[in-house]
Amino acid sequence: MLHATVKETDSSFLVPDTICQRFSLEEIRLATQNFNEALVIGRGGFGMVYKGNTNHGSATDVAIKRLHSLSNQGAPEFQAEVEMLSRIRHCNLVSLIGYCKEDEEMALVYEYMPHGTLEDHLHKGGVSLSWLQRLKICIGAARGFYYLHTGTGTQHGIIHRDVKSSNILLDKNFAAKISDFGLAKISPTNQTCTYVSTLVKGTFGYMDPCYFTTGKLTRKSDVYSFGVLLLEVICGRPAVDTSLHEDQWSLANWAQDRIKQGKLNHIIDSRLEGQISRSCQKELARIVCRCLHNQPNQRPTMAEIVSTLVVIVSMQERLDSSVTEGKFVDKVLSFFSAKVDSQASNLGSEGESSDEPGNVTYVPVPQSPDQSPRNQLNSSHSVNLKSFTFSVIKTATRNFRPPAVVGEHIYSSLYKGWIDGQYAPARPGTGLPIAVKRLNHSLQGHQEWLAEIKNLGLLNHPNLVKLYGYCLEEDHRMLVCEFMSGGYLGKHLFKESSYTRPLSWSQRIKVALDTANALAYLHSQEAKLVHHDFKSSSILLDSLAKDGPVDGNSHVSTRVVGTNGYAAPECIDTGDSNVTSDIYTFGVVLLEILTGRRCIDKKLPPDEQMLVEFAKFYLKNERRVLKIIDMEINGQYSSAVAIRASKLAMKCLLDEPKLRPTAAELVKELEQLQVQQPV
C-alpha cells in the first residue's frame, strides 16, 4: 500500500504537497511488489508502467510509471511531466497523484485506467469499440487537446508533441484521458508560437512531416498527429504497419490516397461494417484531410475538430437505424412541449443542435399487471390528465393538415390545434390553443409509454409547460400540451424573426430565474427528475406579442439525451447524466442569454464557433467580460451585475461536476441579480 510521505532527497523537485504527493522509493516498491513483472501493464520508451495500490483511507488502484534509472533522456521528461501535470486539471487529462524522485529512481503515480489504452482496443484484442464509442472517445481527446492548446488558466498553452492511440487512456466508462506529457512544450496562448529544435522528438507514423523536416513545432503539429489518430479509429490499423507491402506501411499516406480516390468506405475497419453513414464518411474524410494538410496553417484548430466531431456524432445518432431501440429511446419520448416558430422545420439540421423540445429521466411508477392501458392512465397517479379520442385530436388539428404543422422530428410531428373549455374541438382562433405531439409508430412499448405519461402527469409547476392529456387508440399515440404563443427563447436571443425585438437585460435575468426555478423543481425530492436536455429551444415564452416581449413568463420543456454544444463533458464521454449535468447545460444557456450567441455557430470564425470555449477566455478576466455581452443590451446593466452573472455561468461550467452549484443555489443567486440595480 502507498502512504504518501515527504522525503527531501532532491531539492530540484519542490512541487507543493497540496497538489502533488511525494512517495518514497520504499513505498513504490511495496505498491508494485518490488516491480513485479506480473503487474506490468505497459511499456514505453522511458520505462515500465505497473498496476499498484494506494491506501488513503480506502484502497485505490493506481498506475505507476517507472523510468529507466540511468536514462539521461528520461530525466528531463520526468521533471517536465511532474511540473506540468501538477498544475493542470481537466476531465480528459489523466490525473497525476504523485511522484518519487530518490537517488537514480524516478516514478510517476497516476490514476488507474481500467480499460487501458485506445491502442489496446483498436489493435491488441481489447473490447471491440462501436463507431459511436470511438467517436466519443475522439471528442473527449480533442477536448483535452483543445484545453492544452488554449491555456490552462494561465497565459500559457501546451503542445503535447506525442499524440497517439497508446497515449489515450480509457477510464471505467471508456471516457478518454490524455497521458504522457514527457515531450510536451509550454507555449504562450496569445501568439502563434513556433519552436525550432535540431532534436526532433515524437513517434514515427504520427509525426508532423513539417516538424520532422524543419524542426519547427507548433500546435498544428499536434493537429497532424490527431488526424493520424482519427485514421486509426476509422481504419482499425496502426499508424505504421511493416507487415504490409512497403507502400502501405504509413497509414497516413495509404489512407489519404484512398480518400482522394473516393474510396474511404473501402478502408473502414471491418468491425464497423454498416455503422458509419455515407454523410458521416464525407465529413470524416474532410476533417482528416484538413488535419493532414502539408501546410500547417491550413490545418484546423482543435476547436474546429471538436465542433466537427460533435456534428458528426449528431448526424450519426440521427441517421443510425439502430437508434430506435435501447437506452436512447427509453428517454426520447418523455415530456413534451411546443415550439411555435415558423422555422421549426429545420429541427435537427446538420451542424446545429436539434430544436425538438422534450426530455427527462423519470422515476418509474409501479404498474399492476392486470390493468388495461386505459385503466392504468385513469388511476390516481395521473393527475387531471384528459384522455382524448383520436377523432377529437384529428378535428382540433384540422386533420393534421400542413398549415397546422409547427415542427417535425424523426420521432414525432408537432401540430397546433384548438379546443374549447370542455376539451372538444374548436374553430381555429377560438377557445384554447394546444400543441399536439404525434409520435411515430413502434418506437416504444405500451408499458414504457404509459409509465412516462403517468409520471409526467404528476408534474405541476408554473414554469413547466402544462400537459393536458394524451390519446392512445390502436397505434395512435399523442400528447396534448398548452401552446406557447411567444415561441422559444432562441428566437428572441438569436434574432431569427424580423419582427422580434431583443430581450432586455431585465427580461433575460427573469427568463434565467424562471428556468432555474423549473430546474430546481425537477431536481427536488418531489419530482426527482433529471432534465437531460436544457437548451434555448426548450425554454418557451408566453405572452410575447409580434412587436416584441411584453412581460412574458418562461417555461421549460423536457426531452432526451443531451444536445451537442449543451451537453456536459462527462455526458459526451460516458452517455450518463445526472443533476450536475443539467447544471452544466444551464450554464451554456446562461451564456447564450448573456452573449446573444448560439452554443454552436458554424457561421463564425473557427475559434469562435464553440461558445463555451470561446467565452471562457473572456470570462477568466473581469476586465474582458463586458466584451462578449450582447451589444443589443449595451447600457442596460452595470459592470458589477454583468460580472456577477458571468461568474455564475462559469461556476456551472466547471469541469468537476461536484463543484457546480445546485439548482436551488442558482435560484438564490439569480434572485439577488434580479433585485440588484442593472445600471
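The values are calculated or read from the model by the stated rules, or taken from the named source; none is laboratory data. On a predicted model such as this, the values are computed, not experimentally measured, just so you know. Positions of Cβ are generated from backbone atoms using ideal geometry, with glycine treated the same way; all protein chains shown enter the neighbour counts.
Per-structure values
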read-out: Cβ-Cβ under 6 Å pairs, at least 6 apart or on other chains, the range 470-485 side under 14 Å from Thr389 (Cβ atoms), far side among the small types (Gly, Ala, Ser); value: Val480/Gly469
read-out: Only listed residue being at pLDDT below 85, assigned to a loop (DSSP other than H, G, I, E, B) and of a type in the set (A, V, I, L, M, F, W, C), chosen from Leu443, Leu503; value: Leu443
read-out: Pair list, Cβ under 6 Å, 6 or more apart: the range 29-40 residue on the phi < 0 side of the Ramachandran plot, other residue in a helix (DSSP H, G or I); value: Thr32/Leu39
read-out: Filtered residues of the range 642-660 (kept if over 25 Å from Lys627 (Cα atoms) and either buried (at least 21 other Cβ atoms within 10 Å of the Cβ) or touching a residue at least 12 places away in the same chain (Cβ under 8 Å) (or both)); value: Glu656, Pro657, Lys658
read-out: Residue check for Tyr110: more than 30 Å from the chain's Cα centre (by Cα), closer than 24 Å to Lys185 by Cα and either surrounded by 18 or more Cβ atoms within 10 Å (Cβ to Cβ) or assigned by TED's automatic domain parsing to the domain that holds Ala142 (or both); value: no
read-out: The range 623-641 - residue that is of a type outside the set (S, T, N, Q) and touching a Pro at 6+ places or on another chain (Cβ under 9 Å) and, of those, surrounded by the most Cβ atoms within 10 Å (Cβ to Cβ); value: Tyr637
read-out: Cross-chain or 6+ apart pairs with Cβ under 6 Å, the range 608-619 first and under 14 Å from Leu594 (Cα atoms), then among the charged types (D, E, K, R); value: Leu611/Arg597; Phe614/Glu608; Tyr618/Arg624; Tyr618/Lys627
read-out: Residues located in the range 204-241, provided they are at pLDDT below 90 and surrounded by fewer than 17 Cβ atoms within 10 Å (Cβ to Cβ); value: Phe204, Pro209, Phe212, Thr213, Thr214, Gly215
read-out: Among residues of the range 120-141, those that are touching a residue at least 60 places away in the same chain (Cβ under 8 Å) and assigned to a helix (DSSP H, G or I), counted; value: 12
read-out: Flag if Lys495 is outside the structural domain of Ala175 (by TED's automatic domain parsing), over 30 Å from Ala141 (Cβ atoms) and either modelled with pLDDT of 80 or more or surrounded by fewer than 24 Cβ atoms within 10 Å (Cβ to Cβ) (or both); value: yes
read-out: Scan of the range 34-51 for residues that are of a type outside the set (A, V, I, L, M, F, W, C), surrounded by 13 or more Cβ atoms within 10 Å (Cβ to Cβ) and at pLDDT below 90, ordered by number; value: Gly42, Gly44, Gly45, Gly47
read-out: Selection within the range 267-287 - assigned to a helix (DSSP H, G or I), free of Cβ contacts under 8 Å to residues at least 40 places away in the same chain and small (Gly, Ala, Ser); value: Ser270, Ala285
